[in-house]
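**Q** The following block contains the structure, expressed as structure tokens.
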């Protein structure tokens, strides 16, 4: 079975530029997550989608970050404008359903490593 | 609020010796706890989960973890380390809002 696909693998930009990441979850997975993993820290949930609706975006810095999952399949995460502190690995994950239904097995992609100079 | 604390940022073992990765949790009620593993350049993978059934949980690749309420701990163990076990390990708790909150991670180094 194909895993969670993410692109690009690496991205280097200057501060105040914009950047977009793409994620294609495992086929049939209704729930999609974007996590931010800063060096030396554990992943932090940015946003969670259930199909094409947002379930949780409480930790998404909405003044600069946006995400969409228009057709309930693949998703894009955008940062505009980027700041130095946005340097991190951005992980996409998917699951059959939300975690409260016992579907705690998240399948993660390899991530996009963002460096903001 | 629920949280987890991983007590060691790095653990070094020799191949064939036991592995112990420590995790303490904070929760006002019986938590759901997990261990995930992250190999270099690979995605995070679920090792095992505890959801209030048996306190000793067996996972993949010979790992297991024991939930100890009296000690608020959920330590990960393996009897004999293999070179392929070298990776970053994350202890995770599911919060009351159904989020997964990750610890800061423990890097396991295995020497020949």
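Every number in this text was worked out from the coordinates using simple rules, so none of it is lab data. Keep in mind the model is a prediction, meaning the values are calculated, not measured. Positions of Cβ are generated from backbone atoms using ideal geometry, with glycine treated the same way; all protein chains shown enter the neighbour counts.
**Q** Normalised by the residues of chain A, what does the relative contact order come to in percent, with Cα pairs under 8 Å and at least six apart? Walk me through the intermediate numbers first.
**A** Details: 291 pairs, mean separation 42.8, N = 117.
About 37 percent, as a whole number.
**Q** Sorted from fewest to most neighbouring beta carbons within 10 Å, what does the list B:60, A:13 look like?
**A** Details: B:60 10, A:13 17.
In order of increasing Cβ crowding within 10 Å: B:60, A:13.
**Q** Here is a further query. Please give the average number of partner chain Cβ atoms lying within 10 Å of the Cβ of each residue in B:88-95, rounded to a whole number. Before the final figure, lay out each step's value.
**A** Working: counts 1, 0, 3, 1, 4, 0, 3, 2.
So the per-residue partner count for this stretch is 2.
**Q** Still on this structure: At residue A:83 and residue B:82, where each label point lies 7 Å from the Cα along Cα→Cβ, what is the point-to-point distance in nanometres?
**A** Label at residue A:83, label at residue B:82, 4.4 nm between them.
**Q** What distance in nm lies between label points placed 7 Å from Cα along the C-beta direction at residue A:96 and residue B:29?
**A** Modelled inter-label distance: 2.4 nm.
**Q** Please give the length that would be gained between residue B:68 and residue B:20 if that part of the chain were fully extended, namely 0.36 nm times their separation in residues minus their C-alpha to C-alpha distance (nm, one decimal). Walk me through the intermediate numbers first.
**A** Values: separation 48, 0.36 × 48 = 17.28 nm, distance 1.48 nm.
Result: 15.8 nm gained on full extension.
**Q** What list do you get for B:77, A:112 if you sort them by fewest beta carbons within 10 Å? Provide the component values of the computation, followed by the final result.
**A** Numbers: B:77 14, A:112 22.
Ordered from fewest to most neighbouring Cβ atoms within 10 Å, B:77, A:112 come out as B:77, A:112.
**Q** Run the numbers on the range B:26-112 and let me know its relative contact order in percent, using alpha-carbon pairs under 8 Å that are six or more apart.
**A** On the way: 153 pairs, mean separation 23.1, N = 87.
Contact order relative to length: 27 percent.
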